[in-house]
Number of protein chains: 2
Amino acid sequence: MDDKLSLQQFLPYRCNSLAQRISVSLARIYVQKFGITVPEWRTLVALSEYGELQSKQIAAHTSMDKVRVSRAVASMTDKGLLSRRPCDRDSRAAFLTLTEEGLELYRRIVPEALAWEERLLAPLSEQEQAALFSLLDKLDLRLAELSSD
Amino acid sequence: MDDKLSLQQFLPYRCNSLAQRISVSLARIYVQKFGITVPEWRTLVALSEYGELQSKQIAAHTSMDKVRVSRAVASMTDKGLLSRRPCDRDSRAAFLTLTEEGLELYRRIVPEALAWEERLLAPLSEQEQAALFSLLDKLDLRLAELSSD
DNA sequence: CCGTTATAGTTTCAAAAGAAACCATGTTAA
DNA sequence: TTAACATGGTTTCTTTTGAAACTATAACGG
């Protein structure tokens with residue numbers, strides 16, 4: 001068995017390099033223009049979406065590990081973007097919410113992020129866009145299956 | 001304009017987290033089982049595919065920057081996986097090829113990598129797989145357009 | 001020719017990331 | 001109770017990464 005493999009046809013490579021290029025491109029918006037990092041951006045979105053979350057839940061919603069979340073939360077707290085409310089039931093944990101300032105930042109970034117995504121997706125028809133997301137869903141699902149056994 | 005954005009519907013996030021999960025999963029093969037890193041793996045594939053390349057060309061074929069390539073090449077040279085042949089026309093550059101040992105490693109990894117990919121893609125029909133790659137192609141293309149202006 | 005500029009590749013430095021150890025609190029079961 | 005274990009979150013340490021500086025050579029323009 002002497003298989004040949006072409007990077008261009010190899011899904012892990014294709015996915016990785018696409019994601020990388022997207023990241024770099026998009027980073028220009030929230031890193032350079034708004035001064036936040038990717039983990040901070042994700043945290044911002046998660047909190048705006050769910051209102052009040054513990055770090056652990058942020059991690060779950062953003063596919064980040066707890067260290068990354070911890071650092072993002074710390075830095076955002078410093079910047080005044082979010083505030084912690086202690087949890088009575090469990091003094092180790094804290095509930096986090098966006099401050100008005102955090103929400104304000106969110107409201108300024110989102111339109112730009114969405115506009116950027118729209119430009120990226122512009123050449124794809126509605127059907128293609130739907131197909132793309134559906135394929136991503138299936139792959140996510142499949143990965144979960146594979147890692148569980 | 002007060003848009004809402006959901007991470008789950010945001011392509012940059014979806015792409016990134018999928019790529020990340022794929023990487024971690026696949027890394028078990030070539031990192032743990034064969035002791036090479038991702039940049040080394042990509043270099044291995046590029047060289048096996050094109051025969052003899054300069055670092056610069058490896059970079060072009062693998063979407064890695066020259067620093068990453070340089071390190072991969074250095075480490076692979078140490079491990080005896082590739083050999084350099086000086087270039088007459090330009091003494092700064094060198095032509096790189098896989099050694100027999102490098103080829104041997106390649107031949108051992110490839111079947112496993114392909115098998116893994118096949119398992120990942122198993123739930124997708126032929127049409128879906130084709131659609132997936134075609135969509136990735138289009139997005140790659142689009143990114144090139146976007147970054148050029 | 002010779003000075004400027006470009007290029008191949010390496011090295012250095014600083015930022016980002018993850019693994020593992022850690023701290024403090026909570027939970028469970030003897 | 002209280003001893004073992006689990007959990008939320010932080011810190012520490014090491015590895016990976018990329019940007020920028022650097023070295024050496026090549027190409028170009030006057």
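Each reported figure results from applying straightforward, stated rules to the coordinates on display, with no laboratory input. The model shown is predicted, which means the values in this text are computed figures rather than measured ones. With ideal geometry, Cβ positions are generated from the backbone for all residues, glycine too; neighbour counts draw on all protein chains shown.
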*Projected area of segment A:1-87, taken from the Cα convex hull and averaged over every viewing direction, in nm²?*
8.2
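Using unit Cβ charges (K, R positive; D, E negative) and no other charged atoms, how large, in debye to the nearest 20, is the dipole of the protein assembly as shown about its Cα centre? Each step should come with its number before you reach the end.
Numbers: 40 positive and 42 negative charges, 204 e Å.
Around 980 debye, computed over the protein assembly as shown.
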*Where does the Debye-calculated log10 I(q)/I(0) of segment B:75-149 sit at q = 0.17, 0.22, 0.24, 0.25 Å⁻¹, using only Cα point scatterers of equal weight, no solvent?*
-0.88, -0.90, -0.96, -1.00
*Tell me what the protein assembly as shown gives for mean residue ellipticity at 222 nm when only DSSP H runs of n ≥ 4 count, each as -39,500 (n - 2.57), the sum divided by the residue total, rounded to 500 deg cm²/dmol.*
-21500 deg cm²/dmol
*Would you work out which of A:Leu18, A:Ala59, B:Pro12 lies farthest towards the positive end of the dipole of the protein assembly as shown, given +1 charges on the beta-carbon of Lys and Arg and -1 on that of Asp and Glu, about the Cα centre?*
A:Ala59
*Please report which chain B residue places its beta carbon nearest the axis carrying chain B onto chain A, with the distance rounded to a whole angstrom.*
B:Ala19, 2
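Hey, what D do you get for the protein assembly as shown in µm²/s if you plug the Kirkwood alpha-carbon radius into Stokes-Einstein at 10 °C and 1.306 mPa s? Don't skip to the answer; put the middle values down first.
Working: Rh = 21.4 Å.
Once the numbers are plugged in, D ends up at 74 µm²/s.
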_Viscosity 0.890 mPa s, 25 °C: Kirkwood-radius Stokes-Einstein D of segment B:1-42 over Cα pairs, µm²/s_ = 201
*How far apart are the A:Ser75 label points across copies, placing each 7 Å from Cα toward Cβ, in nm, shortest first?*
2.5
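Relative contact order of chain B: what whole-number percent is it, with Cα pairs under 8 angstrom and at least 6 residues apart? Walk me through the intermediate numbers first.
Details: 105 pairs, mean separation 27.3, N = 149.
Taking the mean separation of contacting Cα pairs over the length of chain B, I get 18 percent.
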*When the dipole is taken about the Cα centre of chain A, and only Lys, Arg (+1) and Asp, Glu (-1) are charged at their Cβ, what size is it in debye, to the nearest 20?*
500
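Count neighbours as other Cβ atoms within 10 Å of each site's Cβ, and list the GluC sites (Glu not before Pro) in segment A:52-149 that are DSSP loop with at most 11 such neighbours. The partial results should precede the final answer.
Details: sites: A:Glu52, A:Glu100, A:Glu101, A:Glu104, A:Glu112, A:Glu117, A:Glu118, A:Glu126, A:Glu128, A:Glu145; in loops: A:Glu52.
Within segment A:52-149, the qualifying GluC sites (Glu not before Pro) (loop, at most 11 other Cβ atoms within 10 Å) are A:Glu52.
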*Here are some pairs, A:Lys4/B:Lys33; A:Lys66/B:Lys4; A:Lys66/B:Lys66; A:Lys66/B:Lys138; A:Lys56/B:Lys66; which of them have Cα atoms lying more than 29 Å apart in this structure?*
A:Lys66/B:Lys66; A:Lys66/B:Lys138; A:Lys56/B:Lys66
_If I take the Cα coordinates of chain A and project them onto the principal axes, what are the three extents in Å, biggest first?_
60, 39, 26
